[in-house]
Amino acid sequence: MTALLPDRWLNELSRASRDVRLVRGDGAYVWDDEDRQYLDLTSSGGVALLGHNHPRVNEAIAGQLTAFSGVPPGFDYDLREELLEALSFIIPVPLTHVSFTASGSAAVDLAITWVASASDRPRLIAMQRSDHGSGIAGRSLSAGRRLGDVAGRSLEVVRVPFDDLDALSAHLDERVAAVIVEPVQVEAGVRVPAEGYLASVAELCRSAGALLVVDEVRTALRMGPALASAAQGVGPDIVCLGSSLADGMPFGVTAVGPSISRRARVTRHDHEEACPPLVCAAANATIRTALGPTLRTLAALTSERLQLRLRALRLGEIREIRGSGAMVAVETSLNGPALLRRLEERGILALPGGTGSVRILAPLILERREADTIVETLAAIILASRPPRRRTMSTPAADEVEVVLPGTPIRRHAKVAL
């Protein structure tokens, strides 16, 4: 049979290529079209929580394929109820209602729609260097641009420095409808705030009568506890979750409390059927697997080992190491893109993190030996980047001479003081 080929090929816009064509993945590894293996520390951009082709996720999707892959709008099925049950282990008690979306970005957009519907206040506060996704609301929040036509209203966006309670307090008044914050600014280079920061933000919001929106799209199930906000005793008004909870399939969740669900003028929305059966199966399997005590214990131990060994390197080229769990940024004096290329040449894929930084977003299944490989490879690259030392002839000090020790090979010398 003769293959049909188009007369032309389309080009894709807005996509950077790293000149590696990947063909398959398994666990923490991927392979290119030349069958070269790479340790994938990108987790597919942070969404492959359990790595590639996890057997429990694959089994759940395959099983659902033999049942049905889609349902008519408005009809229920058992797997959806099972997913709601699984989410109940993650989402904190004050939040009682959820809406499914097709991505974490869409979850943030929906959260802002709920805020605009539940509050008449005209202003939102976001953090500088934040990243709330590629949705319309998320881009405006990250850039500090005004949001137009959100639930029929326009909202002003004010940005304040992350991890700066004084700056937040100075701008948090009766005009602010909500504050949106990430527990850790992962895209900005894994910026971890001071202990108690999130709890203090929650207290300031309560005092000002503003809603607290916590964006856990990148942090859910990655930092030890299920949610970073819950671990700090924070009860947000809205939580946003993303595709990592479905191991990379298009998935998002916006969770709200009863007060917002009563006040908000949102009953049905465009994302109502955004969690089809196949995605539902993947999310259910991912959440239940990630919550398993054995995996969580091993992931915590591996993450701790990774950070301890990185910090123990004590190389002058390493300026700072920031991290939470297996999310780590290594800031160096080297060129960041060049460092990424050197890692890639040695079979490790990482993410850019700034001018001289690389980011590691390892899956929960990362093993101890793989954590050691990361540290040893990075150290080798840094040491190899140093210029070679010039060999110079040295003159012994006046009170020292070189002598041959008796009974030792002629080439072994020692300096002894006279």
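The values are calculated or read from the model by the stated rules, or taken from the named source; none is laboratory data. Note that the structure is a prediction, hence the values are computed from the model and not measured. Here Cβ is always computed from backbone atoms with ideal geometry, including for glycine, and neighbour counts include all displayed protein chains.
Residues in the stretch 130-143 that are surrounded by 15 or more Cβ atoms within 10 Å (Cβ to Cβ) and either free of Cβ contacts under 8 Å to residues at least 24 places away in the same chain or assigned to a loop (DSSP other than H, G, I, E, B) (or both): 8 in all. For the stretch 146-168, a residue qualifies if it is in a loop (DSSP other than H, G, I, E, B) and in contact with a strand residue (DSSP E or B) (Cβ under 6 Å, 6 or more places away or on another chain), and the qualifying residues are Arg146, Phe162.
For the condition assigned by TED's automatic domain parsing to the domain that holds Ile61, over 18 Å from Met223 (Cβ atoms) and surrounded by fewer than 16 Cβ atoms within 10 Å (Cβ to Cβ), Arg263 qualifies. Within the stretch 267-276, is even one residue buried (at least 23 other Cβ atoms within 10 Å of the Cβ), outside any loop (DSSP other than H, G, I, E, B) and assigned by TED's automatic domain parsing to the domain that holds Arg80? No, every residue in the stretch 267-276 fails to be buried (at least 23 other Cβ atoms within 10 Å of the Cβ), outside any loop (DSSP other than H, G, I, E, B) and assigned by TED's automatic domain parsing to the domain that holds Arg80.
Would you point out the residue of the stretch 173-205, among those that are in a strand (DSSP E or B) and within 16 Å of Met223 (Cβ to Cβ), that is nearest to the chain's Cα centre (by Cα)? Across the stretch 173-205, the extreme among qualifying residues is Gln185.
Can you spot a residue in the stretch 66-81 that is at pLDDT 95 or above, out of contact with any Phe, Trp or Tyr (no Cβ under 7 Å at 6 or more places or on another chain) and among the basic types (Lys, Arg)? Looking through the stretch 66-81, none of the residues is at pLDDT 95 or above, out of contact with any Phe, Trp or Tyr (no Cβ under 7 Å at 6 or more places or on another chain) and among the basic types (Lys, Arg). When the test is whether a residue is out of contact with any strand residue (DSSP E or B) (no Cβ under 8 Å at 6 or more places or on another chain), assigned to a loop (DSSP other than H, G, I, E, B) and buried (at least 18 other Cβ atoms within 10 Å of the Cβ), Gly224 does not pass it. If you scan the stretch 6-25, which residues turn out to be more than 25 Å from Gly104 (Cβ to Cβ) and of a type outside the set (S, T, N, Q)? Selection gives Pro6, Asp7, Arg8, Trp9, Leu10, Asp19, Val20, Arg21, Val23, Arg24.
For the stretch 1-69, the strands (runs of 3 or more DSSP E) that sit wholly inside it and include 1 or more residues that are exposed (fewer than 12 other Cβ atoms within 10 Å of the Cβ) are 22-26, 37-40. In the set (1) at pLDDT 95 or above; (2) out of contact with any Phe, Trp or Tyr (no Cβ under 7 Å at 6 or more places or on another chain), Met327 fails one condition alone, (1).
Here the strands (runs of 3 or more DSSP E) wholly within the stretch 289-391 that include at least 3 residues being of a type in the set (A, V, I, L, M) are 327-332, 357-361.
Does Pro388 count as surrounded by fewer than 22 Cβ atoms within 10 Å (Cβ to Cβ), free of Cβ contacts under 8 Å to residues at least 12 places away in the same chain and more than 16 Å from Tyr29 (Cβ to Cβ)? Considered against the rule, which asks whether it is surrounded by fewer than 22 Cβ atoms within 10 Å (Cβ to Cβ), free of Cβ contacts under 8 Å to residues at least 12 places away in the same chain and more than 16 Å from Tyr29 (Cβ to Cβ), Pro388 comes out as yes.
One residue alone among Leu84, Leu79 is assigned by TED's automatic domain parsing to the domain that holds Gly135, without any contact (Cβ under 8 Å) to a residue 60 or more places away in the chain and outside any loop (DSSP other than H, G, I, E, B), and that residue is Leu84.
Restricting attention to the stretch 73-95, the residues that are under 17 Å from Glu216 (Cα atoms) and of a type outside the set (A, V, I, L, M) total 4.
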